[in-house]
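This report concerns only the one structure given below.
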There are 4 protein chains.
Amino acid sequence: MPNIKIGLIGYGGIGRVHAAAYRAIPFHYGLPADSIQISAVATTRESTARAAADEIGCDEYSADYRDLLARDDIDAIDICTPNNSHHEIALAAAAAGKHIYCEKPLAMNESEAFEMAEAVRAAGVKAQLTFNFRFFPALTLARQLMAEGFCGRAFSFRGRYHRSSYISADKAMSWRLQREITGGGALFDLGSHILDLLYYLLGDFAAVNATLDTLIKQRPIAAGQGETAPVEVDDIALLQARLADGTLGTVEISRMGTGATNDVLLEIFGDKGAIRFDLAEPAWLQVYDVREGDRVRGFRKVEAVGRYAGQRAPDWSMPPGFMRAHAECQYQFIRAIWDDNSPEPSFVDGLHIQRIMAAAELSSARGGWVDLAG
Amino acid sequence: MPNIKIGLIGYGGIGRVHAAAYRAIPFHYGLPADSIQISAVATTRESTARAAADEIGCDEYSADYRDLLARDDIDAIDICTPNNSHHEIALAAAAAGKHIYCEKPLAMNESEAFEMAEAVRAAGVKAQLTFNFRFFPALTLARQLMAEGFCGRAFSFRGRYHRSSYISADKAMSWRLQREITGGGALFDLGSHILDLLYYLLGDFAAVNATLDTLIKQRPIAAGQGETAPVEVDDIALLQARLADGTLGTVEISRMGTGATNDVLLEIFGDKGAIRFDLAEPAWLQVYDVREGDRVRGFRKVEAVGRYAGQRAPDWSMPPGFMRAHAECQYQFIRAIWDDNSPEPSFVDGLHIQRIMAAAELSSARGGWVDLAG
Amino acid sequence: MPNIKIGLIGYGGIGRVHAAAYRAIPFHYGLPADSIQISAVATTRESTARAAADEIGCDEYSADYRDLLARDDIDAIDICTPNNSHHEIALAAAAAGKHIYCEKPLAMNESEAFEMAEAVRAAGVKAQLTFNFRFFPALTLARQLMAEGFCGRAFSFRGRYHRSSYISADKAMSWRLQREITGGGALFDLGSHILDLLYYLLGDFAAVNATLDTLIKQRPIAAGQGETAPVEVDDIALLQARLADGTLGTVEISRMGTGATNDVLLEIFGDKGAIRFDLAEPAWLQVYDVREGDRVRGFRKVEAVGRYAGQRAPDWSMPPGFMRAHAECQYQFIRAIWDDNSPEPSFVDGLHIQRIMAAAELSSARGGWVDLAG
Amino acid sequence: MPNIKIGLIGYGGIGRVHAAAYRAIPFHYGLPADSIQISAVATTRESTARAAADEIGCDEYSADYRDLLARDDIDAIDICTPNNSHHEIALAAAAAGKHIYCEKPLAMNESEAFEMAEAVRAAGVKAQLTFNFRFFPALTLARQLMAEGFCGRAFSFRGRYHRSSYISADKAMSWRLQREITGGGALFDLGSHILDLLYYLLGDFAAVNATLDTLIKQRPIAAGQGETAPVEVDDIALLQARLADGTLGTVEISRMGTGATNDVLLEIFGDKGAIRFDLAEPAWLQVYDVREGDRVRGFRKVEAVGRYAGQRAPDWSMPPGFMRAHAECQYQFIRAIWDDNSPEPSFVDGLHIQRIMAAAELSSARGGWVDLAG
């Protein structure tokens, strides 16, 4: 297998996570250290790009991401920039024949997402999205169980992603609250994750009935300042959803979920079984099997550790953390290049999530159910 | 305080619970054994009425509830009959000047409920509804905290009542699935409880956006039979709700909640605090206080035992069960008679719950938000 | 079945619990109200005895328990007095041919317990001890599973009973801290319960290696007083134990278990399965089955509600509380009289618990392992 | 700060973990990629050493660890070999003036441990032990709280480390069951971790009363073979312990803890507060504060994420995993070199743990309490 050389675009918090995760993969899978390399990094300023290169341990850096696309020795680019640049960079990268690994959500809106999915299909490059939560082993197990029909006919589901990051009215504006940068609020930032997990486990969404709201409508323009500016995006989004197969469900997304740091929960209820995941216990999947004798039937807490196929480090019996799931997500992308497979979650998957979010926004504006485009 | 003599109408499962709970009250509060007596019981047949009287230990019984209303020595009647008879009995009881304790939901529909609330007001009798969950001490504590502003401005809430009683398509029809007897399905049977708890803690509902569905539309007319009949009521109800003060929330109600026996949960998120209750741990209330120093801030599990005011039995330090909460609910009714106070939850409260349910049904039929009548 | 007439001796907190529980039994099992009656009550003073009779609703009372033993119409006596009177009353009751229901622990020491077990055997009366925790349905289920070999060969176990009732050094002396009244401290009061549960599930104890300690050695003689008196009994007891079949285990008993109201836990680990019970979730038993496929193996939380054989009240699906377990314990005693069976837990069982506690005290005094007398 | 060059000795499972963790540190703390380097690796065979170097990405490797000690460009060595070589390597490394990072337990026995602690003291090199659990932020917080007197006077504690790795009698012998390689069994392997955590939070142990046992005494010499060999070490160890300050506690250590993958629990009960940690929820610390008003007092679940001082990667709000705690443990070692501080946990700490384990073995052999050497 050829060494994979990556150009990393963006080196804020999440860029650093991706960089660290690439470097961890060889240890997790017993690969040569140089089998996955970050060859160059681009940010928007030369000083930050140089600092990033120093931390990553690569020689090349630039203040223009196009410099990375122009290099022949780069196989893939990794997009860790704000949402409003994903579309431009991805289209340019596809045109340059680079494989693409992109942070979520895919785009600012459905039309951008559609063009991006089309572009990578047309260019024949591998393209994957960072829906890292899928790669907690408990959720990989959940997917396998769903695929095998463990739950039987799904009756209903519930998803939640709560953070409490904005409960204080004194908290100042940030780029996360500006629509032109993010495309959306809690629905985009947190909702994209939980919607992807539900889609991953249950399949296509058909329609949504959503209520979005901005509970604190004005915030200080900077910490401690009296002047305020309007918050342009939702900080809470409540969805009812009907899936293509008729399953009904409910989703709660909030940045005002008092007490929550990252409260990610999902539940599926079916006629043969039920499944629960709670990020508070990241190593466990709860499963309920209706087929069991009723005397000792109950939710079973399965410790889903040691389940990454092929892993070699002896952390198999320990709770995997945030970094481990990122490393796995990125490893699947690298493997898809090596094995010439289609990586998942794909840009088409990302487009579906974008459609759910667009339908939710429309539903909230109109009131009532809205069918997904498609 | 005069001894209170009760006429019990209906002696199915819940009638037996009420009878047992009345008998337990003197022990919980150190009252004379005869301070609360069931003087007579009525069912629809003489044989069952006689058997009930034997079990209760009272001499009088009848196959006609009007016989109880005609007796001068009966102070209060307790209605434990199916929903479709509540209205008739309550109006007759009010006309007879009897105090009334009535099982939930109050009525078959909003107009019945309105007439019942009016009738007891006009007659000047005490009237209380059996929303027994309020009387778990953890929820009494929650109410006190809410009244004191513990949560500050409420951002959002969530409620759930799941049972799994109807997940099997082989399960036959029952009176619980017939609209003419019950008035409604899971929404009425389970939903009335959780809606009341949210109303108790958070106040009036203003509007709902609901989806009701019947997931299994035909069931055998009797166990093991091939012939089926249509299920006339919802078995799942998903609600978004906006309260009078603007708080947004979501409610999940289902008889198809695989794995649940009685999964009753509620959560309130506010800018100063949050509250959680889970019936799986009936003695605990979880509270989160934003005002605490952030180093050791977190959800706190408060053991709400030993909190019934005036209780004497030493079960104060033990988890109260289903029967204890019923006894407390009934004791509040008796106390309201003795103290000439207005008992809670009142018929006006029950009317509000009925209005939420009516709006939810209308919302589901129409699609989109429906304001509550009022 | 003849009506059973009971003479209740002692009407402090626990006497009131027993009285209420007898009265609840007919409702739980559909029996005539008069099938179980408290005919008379005795306390040490006429005024308290009269008040007790008033609350219970019986005509007869006395300040001398012997008056109850002398009555022909009393079938059984129930001993709710302090530990230091159990021996005298039980011997007198056996001599009078009365069946006996006695609060735990059985006696002040092993020799008293031995004489009591002998006395009831010789008299041929039914005699049962109030180890009420056995009668939570989760623990009844645990016993069935153990009897069926669910856990296979037991490797080890753990038990705990923590309360926090004495963590404050300002808390004054009470009769619970005086050896001449109680016979022992936390080991007797709390330990007898958890030792009985382990014995119930696992069988005979063979030897113990225990450490008892009094962590606060002097307490005020009364609340707020400067004068102190020595605490004569243990407030913490740590045991290692070896059972007759070789299983090893550990038990923690403490009145200084900060944060605990009634923290009762037990765990059994075997080569085929494991079992856990936690009183914080009184309706659940956790079970782990090694025989399951390892992909979805895990601790399963079984909701052990609705499991009292023959129960009729519809609280079957609700978490049973403290009172319900007492009612069941007492019902088993009444059934043993009706069916002429041997009730459990018997005085012989109580004697075994007394022997474990005596061995633990000796072990702590000596240091090292002590075999149980036998 | 000079770049730190490390020689890694041993590259089995735990060697790979250490290597990956060193590489992650620059990303967690924003350091240049080359600030921490593994310069050379040694294993016992050239082929495995070469493969390790390839995976690590270093040029130098050897089949003799002495080659690493002889290199001037190596600042520190990291010992990831079996327990029976720690003493020899550490003494040689100290003699060579290398700083030492060593896997737990420190040594085969107390005298080896004593010599190692002496050797690093005399040589003036930094020496740290891998007690990686200390570095979950929840436990760092616990240590701070204990240091501040949060719990007041400690009454008692409990610790547990359960795995289920050896519950099957069919499981074959391994080096973990051979005393000459490991020095001890579950007590050494698992017990050293939990004993260190208790020591970290509570201070010196004074005496132990322990029972060790080998529950399965013979195992197949290899998988599927009929021939068996004796298991030479304990697979369960139950300890009662008294600390230097008088606190009493109990510790359960088992490889036969059915259902457990890594069940690590600790609890401390004091007159002012209590603390709990459970590895199943690695990001949470539970605290109970007696000083709070009793109405809403309870165990509080504090989400201890985002608490590594100086960390830059945005995983601060996510549950840290096994690898993150290792990285932190190693970072503290590197920082101690840079800052010329004494790293913790030190070899003196490791010696104390060795003394507890030696006393426990002696106690089990003799029966009864044994004071620690000192």
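The values are calculated or read from the model by the stated rules, or taken from the named source; none is laboratory data. These numbers were taken from a predicted model, which means no experiment stands behind them. Backbone-built Cβ (ideal geometry, glycine too); neighbour counts: all protein chains shown. In case anyone asks, the SASA skips ligands and DNA or RNA and just uses the protein heavy atoms, side chains included. Shrake-Rupley method; radii C 1.70, N 1.55, O 1.52, S 1.80 Å.
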With x for Gly and Pro, the residue-by-residue ³J(HN,Hα) of region B:180-194, computed from phi through the Karplus equation 6.51 cos²θ - 1.76 cosθ + 1.60 at θ = phi - 60° and given in whole Hz, is 5, 8, 9, x, x, x, 4, 4, 6, 6, 9, x, 4, 5, 6
Between residue D:312 and residue C:72, Cβ-based FRET efficiency (R0 56 Å, step 0.05) works out to 0.05
Carbon and sulfur atoms account, in whole percent of the 1.4 Å probe accessible area of chain A, for 47
Taking only C-alpha positions in region D:71-148, Rg and Dmax in angstrom work out to 14.2, 44
The rounded separation in angstrom of the Cα centers of region C:60-121 and region D:14-46 is 74
Taking placed amide H atoms and a strict 5 Å upper bound, the residues 5 or more places from residue C:298 or on another chain that come that close are C:289
For chain D, averaging the sequence separation of alpha carbon pairs under 8 Å that lie six or more residues apart and dividing by its residue count, the contact order in percent is 20
For residue C:335, placing the label point 7 angstrom along Cα-to-beta-carbon and taking region B:10-47, residues whose amide nitrogen sits under 18 Å are none
Among D:181, D:253, D:356, the residue with the largest mean-square fluctuation in a Gaussian network model of chain D built from Cα contacts under 10 Å is D:181
Around residue C:91 (Cβ within 14 Å, Cβ-to-Cβ, excluding residue C:91; K/R +1, D/E -1) the net charge comes to -1
Counting only protein heavy atoms and rolling a 1.4 Å probe, one gets per residue an accessible area for region D:233-284 in Å² of 16
Here, residue C:342 and residue D:46, labelled 7 Å along Cα→Cβ, have an inter-label distance in nm of 7.7
Losing no less than 30 Å² of accessible area (probe 1.4 Å) relative to the isolated chain, the residues of region D:134-158 are D:153, D:155, D:156, D:158
In whole Hz, the Karplus estimates of ³J(HN,Hα) for region C:322-330 (6.51, -1.76, 1.60; θ = phi - 60°; x where Gly or Pro) are 4, 5, 5, 5, 4, 4, 5, 4, 5
Sorted shortest first, the nm distances from the residue D:362 label point (7 Å along Cα→Cβ) to its counterparts in the other copies are 2.8, 7.9, 8.3
Sorted shortest first, the nm distances from the residue B:310 label point (7 Å along Cα→Cβ) to its counterparts in the other copies are 3.7, 6.4, 7.2
Counting only DSSP beta bridges fully inside the protein assembly as shown, the antiparallel percentage to nearest 5 is 60
Residue by residue through region A:228-244, the couplings from Karplus 6.51 cos²θ - 1.76 cosθ + 1.60 with θ = phi - 60°, in Hz, x for Gly and Pro, are 10, 9, x, 7, 9, 10, 5, 10, 9, 9, 10, 10, 9, 9, 10, 7, 4
Filtered pair list for chain A (Lys only, Cα < 20 Å, 8 or more apart or interchain) has a length of 6
The set of residues whose placed amide H lies less than 5 Å from the amide H of residue B:229, leaving out same-chain residues fewer than 5 positions away, is B:219, B:221
Per the Kirkwood formula over distinct C-alpha pairs, the hydrodynamic radius of region D:154-309 in angstrom is 17.3
Taking R0 as 41 Å and r as the Cβ-Cβ distance between residue A:148 and residue B:225, the FRET efficiency 1/(1 + (r/R0)^6), rounded to the nearest 0.05, comes to 0.80
Cα pairs beyond 59 Å in the protein assembly as shown, in percent, come to 23
Among A:309, A:237, A:127, the residue with the largest mean-square fluctuation in a Gaussian network model of chain A built from Cα contacts under 10 Å is A:309
Between chains B and C, total accessible area buried, probe 1.4 Å, no ligands or nucleic acids, nearest 100 Å², roughly 3400
Computed about the Cα centre, the charge dipole of region A:167-256 from +1 Lys/Arg and -1 Asp/Glu charges at the Cβ has a magnitude in debye, to the nearest 20, of 160
Pseudo-spin-label distance residue A:244 to residue C:244, built 7 Å along Cα→Cβ, given in nm, is 6.4
The long-range amide H neighbours of residue B:205, using H built 1.01 Å from N in the peptide plane and a cut-off of under 5 Å, are B:244
Most fluctuating of B:240, B:144, B:128 in the GNM of chain B (C-alpha, under 10 Å) is B:144
